[in-house]
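Asks: Shown below is the structure under consideration.
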Amino acid sequence: MRVLIVEDSDSIVRMIQALMSARGFEVRSAPSGARGLEEAFAWKPHVILLDINLPGSYDGIQVCEKIRADKDIKDTPVIIISAMNDDEVKRRAHEAGATAYYEKPFSPLALLKEIESLQRRSGQW
Amino acid sequence: MSKGRLTRHELSWLLTQEAQNAAERLRVGVQFLRTQAPPPPTAGDDPAQGVETSLDALDDVMKMLSNLNQRSVPQAPNLSGARRGRIDVAALLVEVAPDARVSIEPGSGTEVYGDEADLRRMLQVLVGHGSGEGASVTVRREGDDVKVAVALGPDSSPTAETERAWLSRVALRYGGRHELEGGSEVLVFPADGASDRSESAALRKELDEARKQGEVYARELAAVFDRGEEATAVSTVPPAPGVPSEARLMAMTKLCAGIASELRNSLGPAKSELASMRRHEVTEEQLDTIRRRVTHTQEIVTGLAAIGELRADEMETEVDLGDLARSTIKALANMAERDEVKVTLRISPEGVHAQVRRGAKALGVLMRELIVHAIEASPRGSSVDVTVVAPDGNAGARIVIDDAGSSLPASGRRAFLALETHAGAYGRPSGLPIFLAAELAACQGAMLELSDAPLKTSEAGAGGLRVAVTFATT
């Protein structure tokens with residue numbers, strides 16, 4: 001299974017990478033929204049883990065909107081992982097098409113369960 | 001054109017933009033003249049005037065391109081030694097525009113971090129947009145920003161918009177911005193040190209997030225270790241995610257049919273060979289040993305062949321688990337008798353029919369594999385207890401089989417279920433029947449669990465393994 005992490009914090013990326021790699025998932029990361037979109041279009045991951053506060057032209061919400069607007073990857077589950085915990089941001093993420101929203105610090109086991117549940121539901125990976 | 005001194009590359013870029021804009025306006029104007037249709041809204045009020053303006057702009061651009069190509073554009077002397085680092089914008093402004101009326105408002109410093117050549121050109125272009133010689137320029141510090149504002153002149157050059165696009169682009173590159181505020185044009189740069197502070201703040205934030213995340217990881221890991229033994233006291237085999245049960249069963253039946261065929265081909269002749277060996281100097285004891293091994297292998301083949309005959313699309317029918325257990329025990333009576341193991345059946349609650357709607361043949365094979373394993377694992381003179389529990393409310397029907405063999409430690413169950421242990425490990429037979437039963441259970445919407453069998457008063461200390469298959473209620 002291919003997992004793309006769009007996150008500018010190197011430490012968080014490494015932690016998620018360790019978690020996912022231990023389950024045999026193939027993992028790539030991108031430090032900005034624009035790079036994340038490039039990877040998503042080219043690599044077509046099964047799940048995208050997306051931060052909201054990203055450097056560069058696009059924040060996580062905009063990245064999510066662009067993913068949903070692309071015919072090739074519009075159905076890819078997008079899990080937002082953000083330190084922002086106010087309802088307005090969560091509402092925006094939901095409207096942008098996010099599949100799930102996790103606040104930092106997140107539970108690694110809960111995140112794994114979420115991904116495995118998505119995996120079961122899609123039945124394709 | 002402004003008085004700013006841009007590099008040849010930048011100037012070419014600006015002129016190209018201008019030429020493209022002028023060409024586009026011309027195209028629109030010419031289209032109008034050709035069709036007499038109203039031009040699109042972008043063409044302006046008067047098409048003819050639009051064409052004239054565009055031609056003027058093109059003239060302007062062509063003249064500049066011509067000048068640019070006639071003379072080389074050496075680096076300005078004061079740029080040859082341009083440096084990168086902390087630059088005082090106010091001091092640079094006085095140097096760049098000696099005729100301008102520069103007003104420096106007191107603050108906490110007008111230094112920015114950047115390339116002197118870039119900043120110099122930006123200031124030249126900005127001042128060029130002012131009201132000619134003696135333009136009024138203000139430099140001031142506002143918080144973490146250094147702002148340079150110029151009062152706009154009454155006339156705007158044709159290239160002003162393009163220059164503003166360039167200013168905005170370079171300002172963004174420096175982490176600043178370019179603004180038009182009423183009658184003035186403003187460049188905003190992050191003050192020197194401010195970016196360090198924001199970078200430091202970002203690093204602190206990242207460190208803090210990482211620390212919190214690390215703590216959560218550590219807590220969850222510790223919790224897993226804490227409940228380690230409890231968590232493994234019952235080992236479950238849930239259906240593997242992602243693969244449809246029909247596909248799983250189809251793969252398994254093919255595998256089993258193949259193995260059964262292969263073993264039958266090799267074991268058939270071996271039995272005949274054994275019969276002929278009897279005439280020579282082979283002891284009865286040796287022969288019995290070989291015969292037992294062959295018989296055991298034949299039982300494995302029978303089980304595999306039964307699985308090989310299953311159909312992935314087997315029709316579901318009402319199956320009474322009590323009846324099924326009874327008939328399976330009867331079919332395996334010879335085996336139990338040979339191994340001197342007593343197999344008992346109990347229905348709970350007594351007299352109730354424990355029915356499930358599943359594939360009858362698949363359940364028959366599942367039951368057989370469980371009981372065969374229990375008999376093989378139990379020592380001579382011991383007993384195997386088969387319990388069928390009827391469904392009750394949300395709890396589905398269960399088959400529970402307790403053998404009297406060696407206990408299987410919780411730490412060894414995963415490897416046992418994954419067929420990573422060989423026959424004899426932990427004093428138990430091969431885990432193949434349990435593996436097959438677990439796969440069949442998963443295909444039938446049931447879950448197989450391993451745990452310690454309860455101690456029997458008659459066989460205190462014998463241990464034993466409990467294999468339970470629980471059927472989902474839906």
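The values are calculated or read from the model by the stated rules, or taken from the named source; none is laboratory data. Given the structure is predicted, the values throughout are model-derived calculations rather than measurements. Here Cβ is always computed from backbone atoms with ideal geometry, including for glycine, and neighbour counts include all displayed protein chains.
Asks: Does residue B:365 qualify as being over 41 Å from the mean Cα position of the chain (by Cα) and either in contact (Cβ under 8 Å) with a residue 12 or more places away in the chain or assigned by TED's automatic domain parsing to the domain that holds residue B:293 (or both)?
Replies: Judged against the criteria, residue B:365 is not a match.
Asks: Moving to a separate point now. Just to be sure before I move on: is residue B:144 acidic (Asp, Glu), in contact (Cβ under 8 Å) with a residue 60 or more places away in the chain and either surrounded by fewer than 19 Cβ atoms within 10 Å (Cβ to Cβ) or on the phi < 0 side of the Ramachandran plot (or both) in the structure I sent?
Replies: Details: acidic (Asp, Glu): yes; in contact (Cβ under 8 Å) with a residue 60 or more places away in the chain: no; either surrounded by fewer than 19 Cβ atoms within 10 Å (Cβ to Cβ) or on the phi < 0 side of the Ramachandran plot (or both): yes.
No; evaluated as a whole, the condition is false for this residue.
Asks: While we're looking at this one, here's another question. I'd like the residue in the stretch A:1-14 that is buried (at least 19 other Cβ atoms within 10 Å of the Cβ) and more than 15 Å from residue A:79 (Cβ to Cβ) and, out of all such residues, is nearest to the other protein chains (Cβ to nearest Cβ).
Replies: That would be A:9.
So that you can scan it fast, the table gives a plain yes or no per residue for (1) modelled with pLDDT under 65; (2) within 27 Å of residue B:362 (Cα to Cα):
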residue	(1), (2)
B:254	yes, yes
B:261	yes, yes
B:283	no, no
B:292	no, no
B:297	no, yes
B:300	no, yes
B:322	no, yes
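Asks: For residue B:352, indicate whether it is at negative phi, of a type in the set (Val, Ile, Thr), assigned by TED's automatic domain parsing to the domain that holds residue B:323 and modelled with pLDDT of 90 or more.
Replies: Details: at negative phi: yes; of a type in the set (Val, Ile, Thr): yes; assigned by TED's automatic domain parsing to the domain that holds residue B:323: yes; modelled with pLDDT of 90 or more: no.
Against the criterion (at negative phi, of a type in the set (Val, Ile, Thr), assigned by TED's automatic domain parsing to the domain that holds residue B:323 and modelled with pLDDT of 90 or more), residue B:352 does not qualify.
Asks: Please determine whether any residue of the stretch A:52-60 is within 14 Å of chain B (Cβ to nearest Cβ) and buried (at least 18 other Cβ atoms within 10 Å of the Cβ).
Replies: We begin by selecting, within the stretch A:52-60, every residue within 14 Å of chain B (Cβ to nearest Cβ); these are A:52-57.
If we keep only those that are buried (at least 18 other Cβ atoms within 10 Å of the Cβ) too, we end up with A:52, A:54.
Looking for residues that are within 14 Å of chain B (Cβ to nearest Cβ) and buried (at least 18 other Cβ atoms within 10 Å of the Cβ), one finds at least one in the stretch A:52-60, hence yes.
Asks: Output the qualifying pairs, or none if there are none: Cβ atoms under 6 angstrom, residues six or more apart or on different chains, first residue in the stretch B:118-139 and touching a residue at least 24 places away in the same chain (Cβ under 8 Å), second residue of a type in the set (Lys, Arg) and part of a loop (DSSP other than H, G, I, E, B).
Replies: Matching pairs, first to second residue: B:124/B:5; B:128/B:3.
Asks: I need a count of the residues in the stretch A:15-49 that are basic (Lys, Arg) and within 14 Å of chain B (Cβ to nearest Cβ).
Replies: Going through the stretch A:15-49 one residue at a time, the tally reaches 1.
Asks: Tell me yes or no: at least one residue of the stretch A:78-101 is touching a Lys or Arg at 6+ places or on another chain (Cβ under 7 Å), within 14 Å of chain B (Cβ to nearest Cβ) and aliphatic (A, V, I, L, M).
Replies: yes
Asks: Now for a different question. Just a yes or no: is a residue in the stretch A:54-62 of a type in the set (A, V, I, L, M, F, W, C) and more than 28 Å from residue B:173 (Cβ to Cβ)?
Replies: So in the stretch A:54-62, the residues of a type in the set (A, V, I, L, M, F, W, C) come out as A:54, A:61.
Checking the rest, the ones that are also more than 28 Å from residue B:173 (Cβ to Cβ) come to none.
Checked against the condition, which is being of a type in the set (A, V, I, L, M, F, W, C) and more than 28 Å from residue B:173 (Cβ to Cβ), the stretch A:54-62 yields no hits at all.
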